[in-house]
Amino acid sequence: MAKVFSAVNLLGQTIAAHPVFVAEARRSRWAVTRKSFRQTSMRIFLVAMIAALVIWGLISLLAMVSQRADPWLQVNLDEQDIYALMLIASFLGGLWLDYHSLSASINAVSGDITGGRWDLLRLTALNDSGLIAAKHAVSQLRVWRRLLAIVAIRLALALIGLIILLRDITRIPDGDVMVSAVGAIVGGLAVTFLLTILYLFEPFWRVRAITAFGVYVSVRERNTASALLAAILGLGGMWLAQAILLGSVAMGLAFAVVPLLLGVSAVGSSYLFSLFCNGLFIILFISSVYGFHHLVERWSLRQAQRRLKLLN
């Protein structure tokens, strides 16, 4: 479990003490020390989260005002529509993060080789695996501030979604409807919580995987244009493989869980059993997302090390 959350704290990893990483961190001017790294990270996180909350509030207010204004100027958007649009924008921000992750890593090794700095590194006592791991960590450092901004926006949207959900729950009338809806509410909150965990931590796993792939491309390709083309094609293949894998997992779990739920509903509804099945479904789905990114990361770093041995 510790490995799942280790990506959240970059300077808390053991590779942060590697000489190559320390040298690159000093060049960044904002991650020279743990204190400066923490302060900058916290500032970016808070600014991005507050900005997302303010933007949602302003757009919702403008939509509300327009509904009371001239019909010709009315905007047929409610807060749920605005929230859905912001969710779509946050997922598009993930594609933007993918691009910067590739840009930060495709020259991680090839840039040092063409610049003549790699020969100096080879004269040191640093081993190949440590150098590849350090270059991987440096690539994450270069995109870290953008990563935190994306995660902060997602956290803001998660808070907004929680507020909307709790407000809608309070509007449910008392009586038999409320009693019958308790199980659905509890199940919905549990599933929402698990999906929120995935929504917040997935960018960290994605950055680790894509920067690792970029490091592998940087070892394999010397030319910047060919490296960029290979990285883009690899990224497209990664998206396709992930979509196929997660789609297969979702369909397989659905076919396994739905008959159980139908069997239970035939003899009597069981909120606990339904909650258990839905929770298991989401946990396995989250594990598949993490496992895919972890496998891509491990494979890319191993291939980079093997390729580097051939070059030496």
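Coordinate-derived values only; no laboratory data. Here the structure is a predicted model, which means the values were calculated and not measured. Ideal geometry is used to build each Cβ from the backbone, glycine not excepted, and the neighbour counts take in all protein chains shown.
Percent relative contact order of the range 94-153, based on C-alpha pairs within less than 8 angstrom and at least six residues apart? Please list the in-between numbers first.
On the way: 22 pairs, mean separation 33.6, N = 60.
About 56 percent, as a whole number.
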Practice task
Using label points projected 7 Å from each Cα along Cα→Cβ, tell me how many nm separate Gln13 and Arg34, to one decimal.
Solution key: 1.7
Practice task
Based solely on C-alpha atoms, express the radius of gyration and the Dmax of the range 80-156 in angstrom.
Solution key: 17.5, 59
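Given a Förster distance of 45 Å, report the FRET efficiency between Arg117 and Leu165 from their Cβ-Cβ distance, rounded to the nearest 0.05. Please report the intermediate quantities before stating the final value.
Numbers: r = 53 Å, r/R0 = 1.17.
FRET efficiency, Arg117 to Leu165: 0.30.
Based only on other Cβ atoms within 10 Å, what is the fewest-to-most ordering of Phe21, Phe193? Working shown, then result.
Working: Phe21 24, Phe193 13.
Sorted ascending by nearby Cβ count, the order is Phe193, Phe21.
Which of Trp96, Trp118 comes first, and how do the rest follow, when ranked by fewest Cβ neighbours within 10 Å? Spell out each step's value before the answer.
Working: Trp96 11, Trp118 17.
Listed from fewest to most nearby Cβ atoms, that is Trp96, Trp118.
Between Arg43 and Ser287, what is 0.36 nm times their sequence separation minus the Cα-Cα distance? Round to one decimal in nm. Could you put the intermediate results ahead of the total?
Details: separation 244, 0.36 × 244 = 87.84 nm, distance 3.08 nm.
Full extension of this stretch gives 84.8 nm more.
Calculate, in nm to one decimal, what Leu310 and Trp96 gain on full extension: separation in residues at 0.36 nm each, minus their alpha carbon distance.
73.7 nm
Can you put Val151, Val215, Val22, Val249 in order, fewest other beta carbons within 10 Å first?
Values: Val151 24, Val215 32, Val22 14, Val249 18.
Placing the least packed residue first, the sequence is Val22, Val249, Val151, Val215.
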Practice task
Give me the net charge of Ile113's neighbourhood, meaning all other residues with Cβ under 14 Å from the Cβ of Ile113; Lys, Arg count +1, Asp, Glu -1.
Solution key: +2
